[in-house]
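Presented below is the structure to which this report refers.
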Amino acid sequence: MELLVMVDACRRASARNITAVIPYFGYARADRKTLGRESIAAKLVANLITEAGANRVLACDLHSGQSMGYFDIPVDHVYGQPVILDHLSSKIISSRDLVVVSPDVGGVARARVFAKKLSDSPLAIVDKRRQGHNTSEVRNLIGDVNGKVAVMVDDMIDTAGTIANGAALLHEKGAREVYACSTHAVFSPPAIERLSGGLFQEVIVTNTIPLKDKNYFPQLTILSVANLLGETIWRVYDDVSVSSIFH
């Protein structure tokens with residue numbers, strides 16, 4: 001609502017162009033109906049932003065790419081991947097020991113991009129079955145992680161059930177260390193307990209969502225997307241290609 005009020009204020013002040021910068025698009029997961037009589041909230045919010053007067057949207061790591069199609073205005077989809085990759089490259093990890101892991105089948109494309117950027121590392125996939133809202137059951141692991149450093153990649157960590165169950169399976173299958181990487185740290189209870197319980201060598205997130213002090217724990221690393229968003233805003237303003245940042 002605050003974003004809508006600000007956009008409306010800019011429009012009423014005769015702003016020539018209004019770009020809504022949305023580091024975390026909170027309703028992106030509600031992009032389809034999973035049960036009857038459900039709202040498609042991602043489309044609703046997209047309509048509200050457009051009707052308020054925004055001419056363009058800059059969003060970071062949308063849960064699903066198709067959410068961009070809900071807007072009737074241009075959308076620049078920014079990825080937190082370069083920030084996380086720069087941090088991982090500072091680690092002294094041999095590419096021969098590295099394996100990138102998708103915590104579910106839906107995240108394979110994202111994990112494949114990470115794997116390619118990390119010296120074309122091998123890919124593993126956790127096979128899970130969703131039991132209900134924010135609950136899932138891990139069934140199997142596709143790929144070899146024995147003796148490897150596993151890097152789990154996801155767009156967000158909410159209750160951490162998926163990524164924690166996946167990490168437990170990776171340790172069971174012989175992974176030497178497990179890193180969790182995610183752009184959005186939602187951290188709904190009991191995420192902190194799951195993430196700080198010893199399964200992860202490091203939990204790497206960005207600051208697209210401000211974290212309260214109570215949600216900090218020793219394994220947590222928070223990276224800033226300020227430079228990434230700043231560069232993107234400059235390119236939008238100067239009519240320069242945004243996609244070239246990620247190539």
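Quick look at the numbers
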quantity	calculated
Gain upon complete extension [Q66, E2; 0.36 nm per residue less C-alpha separation]	20.6 nm
Pair Y216, R12: separation of 7 Å Cα→Cβ label points (nm)	3.9 nm
Extended-chain gain in nm, criterion 0.36 nm per residue less alpha-carbon gap, I73 and L48	7.8 nm
Inter-label distance, nm, simple model (7 Å from Cα along the C-beta direction), S241/N146	4.4 nm
Beta bridges by DSSP in the range 81-224, antiparallel share as percent, to the nearest 5	25 percent
The chain - mean residue ellipticity at 222 nm from DSSP helices (-39,500 (n - 2.57) per run, n ≥ 4, rounded to 500)	-8500 deg cm²/dmol
Computed E for S90/E172 - FRET, C-beta separation, R0 22 angstrom, nearest 0.05	0.15
Peptide ranges 192-205, 107-120 listed from the most packed, as the mean C-beta count within 10 angstrom indicates	192-205, 107-120
Long pairs among K43/K214; K91/K116; K117/K148; K128/K148; K91/K148, criterion Cα-Cα beyond 24 Å	K43/K214
Efficiency of FRET between R112 and S39 - r from beta-carbon atoms, R0 35 angstrom, step 0.05	0.65
Shape of the chain, Cα gyration tensor, a/c cut at 1.5	prolate
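None of the figures in this text is laboratory data; all of them are computed from the coordinates on show. Just so it is clear, the structure is predicted and the values come from calculations on it, not from any experiment. Don't worry about glycine lacking a Cβ; one is built from the backbone with ideal geometry, like all the others, and counts go over all protein chains shown.
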